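What follows is one structure encoded as structure tokens, with my remarks underneath.
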Amino acid sequence: MSDDGDRPEAGDGGAGDSGTGDDGAADGGYVHRPSGEPPRQAATSDDFGWEGWVLVGMIVVGFLLIPVAILALPAAQGFVRSLGLTLRAAYLALPLVPAFLLGGLAVWSALRSRRPD
């Protein structure tokens, strides 16, 4: 059995410890540039692009088209039965369509944003 419990650990505020650790996080990530030039910002584009329109389309489907379809379900019972669904199953399954589509869009968007251009 050793007496390691009496000795202060690194980074616990003991003698000779400045509390900054080895990673230099105490300076807030400051990087000195001797030339005096400001840090460069990444180039951003304000274009909406086709990816933005895909998102707008999914929002329209999720917030306009599906609720209207839910309201029209009682009038379309014949069509619902031809799909092999009861009215209750259609009420449960219809909101899942935009949920899965928006979830897939979110995964696609996240993977696309990590890809270098």
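Bear in mind these aren't lab numbers, they're just calculated from the coordinates by the rules spelled out. Keep in mind that what you see is a predicted model, and the values were worked out from it rather than measured. Backbone-built Cβ (ideal geometry, glycine too); neighbour counts: all protein chains shown.
At-a-glance table
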read-out: Packing-based ranking, highest mean first, of 83-93, 28-38 given that Cβ atoms within 10 Å are counted; value: 83-93, 28-38
read-out: Region 68-82 - phi-based ³J(HN,Hα) in whole Hz, Karplus 6.51/-1.76/1.60, Gly and Pro as x; value: 5, 5, 5, 5, 8, 4, x, 7, 10, 4, x, 5, 5, 5, 5
read-out: Computed over region 49-114: relative contact order in percent, which uses C-alpha pairs under 8 Å that are six or more apart; value: 37 percent
